[in-house]
Amino acid sequence: MNYFLKLAAGLWLVMALTGCIAEEYDFTPPAVTLSNTDSVQSAELKEANVDWRGENNKQIKKETDDLISFAKKQKTLTYNAGQKIDLLFDNEDFMVEELSVSLWKNDKEIQLDLNEHRSFSLPEEEGEYVIEVYLRSDKGSAQYAGNVVIQ
């Protein structure tokens, strides 16, 4: 009888501790970071527009009327012409359905090619640009923007 009591107490303890060891999930849109592959320089882009389903299907919404003005108010990120950049998420508790990167200069959009490793190359033309990253996932969509100078 003493053996069964110890066994039951041990099983109860294991089950109780199992409930304490759980994974935490982040239900907010991910932070997007541009990482320079040539050095350790990295910079986080700011969320401009968000329509995301968070925890318990709670909607997270943010709207920016003028993406270009919003981006130009951000800290300037400086890169070299033709430089390769990695696009990183701080979490990925969602399935990516669409991901694109664009640069804007003088109201003209330049769509950048994103490879399977989420890397892209900046154009050779120097100047001031607005960078836009658009993410559509099974949790919703998010648009990020930044102020970029290519030299």
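Read the figures in this text as sums done on the coordinates, not as results from a lab. Every value quoted in this text rests on a predicted model; they were computed, and no experiment measured them. Methodologically, a virtual Cβ is constructed for each residue, glycine included, from the backbone with ideal geometry; neighbour enumeration extends over all protein chains shown.
Structure notes:
- Estimated distance in nm for a label pair at residue 59 and residue 113, the labels positioned 7 Å out from Cα along Cα-to-Cβ: 3.9
- A full extension of the chain between residue 35 and residue 149 corresponds to an added length of 39.6 nm, given 0.36 nm per residue minus the alpha carbon distance.
- Once you divide the Cα radius of gyration of the range 66-112 by 2.2 N^0.38 Å, the number left is 1.40.
- In nm, spacing of pseudo-spin labels at residue 97 and residue 76 (7 Å Cα→C-beta vector): 3.9
- The alpha-carbon atoms of the range 92-151, seen along their principal axes, cover 36, 21, 15 angstrom, with the largest extent given first.
- Cross-link reach list, lysines versus residue 105, counting only Cα pairs under 20 Å and skipping chain neighbours closer than eight places: 46, 72, 73, 75, 84
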